[in-house]
1. Set Lys and Arg Cβ to +1 and Asp and Glu Cβ to -1, take the dipole of the chain about its Cα centre, and tell me which of Ser250, Val185, Val5 lies farthest positive.
2. For Asp33, Asp109, Asp221, what's the largest-to-smallest order of accessible area, 1.4 Å probe?
3. Can you give the % of DSSP beta bridges in the chain that are antiparallel, to the nearest 5?
4. Order Met259, Met206 by their accessible area, 1.4 angstrom probe, all chains in place, largest first.
5. Which of the lysines could be linked to Lys46 by a straight reach, that is with a Cα gap under 23 Å, when you skip same-chain ones fewer than 8 residues away?
6. How much of the accessible area of the chain, in percent, comes from carbon and sulfur atoms when a 1.4 Å probe is used?
7. Listed highest first by mean packing, meaning other Cβ atoms within 10 Å per residue, what order do 3-11, 194-202, 66-74 come in?
8. Tell me what the chain gives for mean residue ellipticity at 222 nm when only DSSP H runs of n ≥ 4 count, each as -39,500 (n - 2.57), the sum divided by the residue total, rounded to 500 deg cm²/dmol.
Amino acid sequence: MIISVASGKGGTGKTLVATSLALSLEDNVQLLDCDVEEPNAHIFLKPAIDRCEPVTIPVPQVDEGKCNFCGKCAEVCAFNAIAVLPQKVLVFPELCHGCGACSYLCPQDAIEEAGREIGVVEAGRSGNIDFVHGRLNVGEAMAPPLIRAVKRLVDTQKTVIIDVPPGTSCPVVEAVEGSDFCILVTEPTPFGLNDLTLAVEVVRKMGIGCGVVINRDQAGDKSTEEYCDAQGIPVLLRIPLDTAIARLYSVGVPLVEGMPQWQPAFHSLFEDIQQTMMTQSTGEKSE
Ligand code: SF4
Ligand code: SF4
């Protein structure tokens, strides 16, 4: 089973949830940190990394001896990564998505591809947890290929927890794709609700069931619960606004390690997810 842990925006506590959930499951667990621009699950799990692989994307290299400057490569590139001048072809590697269209369509066979490193995938172990994360090079914009490289290491024999990048853009879709369920972590504020609404739209469009964890919960604003009720989305767990929890987070201590009394809640979270998946799939069949 693959469970992704996402949030409409950064700083809502998805890594807190992902790491504590992984630590609460006895074994046969794999955690993939796909938040490749700012991976931080390793700060909490402190894995012993034993593998490191560079990840490259193929970018074009033009042989101007063969090129007739016809401009077809620039026409076909959807990302403006090639410009053709009367006597020169300019390639902008940082804009190239490595799709290969330009080399495939070049009538002069003037384009070769060379690997450009965008980051690394590191893997190792933290106690009973198989750990994998990606680290995108500083200033690099091509997160999706690195996320794909991290996800190639998914072990389907295990319960897989994916820490998803924040937001609702391409890297999020890439990380959540293929999940059996998505936990959406939010906080009970108007901004939190706005971002949650967008995240729910994305996972629903992807056909993936979801449930909500409310972090920094406090008495007062009930709009998140009302929204979840109206949408038929279960609120699976509430983590209160508590300076002791914030202090643990700030020094890189997982919640269930610093406050072991939270272990049963994360166990129940996992059971509730299984139950919700059954209910949601039964509901879909009967529609
Ligand atoms: S498509 Fe090929 S021949 Fe045409 S400009 Fe691009 S590299 Fe040159
Ligand atoms: S490989 Fe794709 S993205 Fe890169 S320059 Fe060629 S057409 Fe553009």
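1. So the residue furthest toward the plus end is Ser250.
2. The ranking, largest first, comes out as Asp109, Asp221, Asp33.
3. Roughly 45 percent of the beta bridges in the chain run antiparallel, per DSSP.
4. Result, largest first: Met206, Met259.
5. Correct list for Lys46: Lys14, Lys151, Lys158.
6. 52
7. Details: 3-11: 22.9, 194-202: 18.9, 66-74: 16.3.
Going by the mean number of other Cβ atoms within 10 Å, highest first, we get 3-11, 194-202, 66-74.
8. Values: 11 runs with 103 residues, N = 287.
When only DSSP H runs of four or more count, the value is -10500 deg cm²/dmol.
The values are calculated or read from the model by the stated rules, or taken from the named source; none is laboratory data. Treat the numbers as computed from the prediction; the structure is a model and nothing was measured. FYI the Cβ positions are ideal-geometry reconstructions off the backbone, even for glycines, and counts take in every protein chain you see. All accessible areas refer to the heavy atoms of the entire protein, side chains included, with ligands and DNA or RNA removed. Shrake-Rupley method; radii C 1.70, N 1.55, O 1.52, S 1.80 Å.
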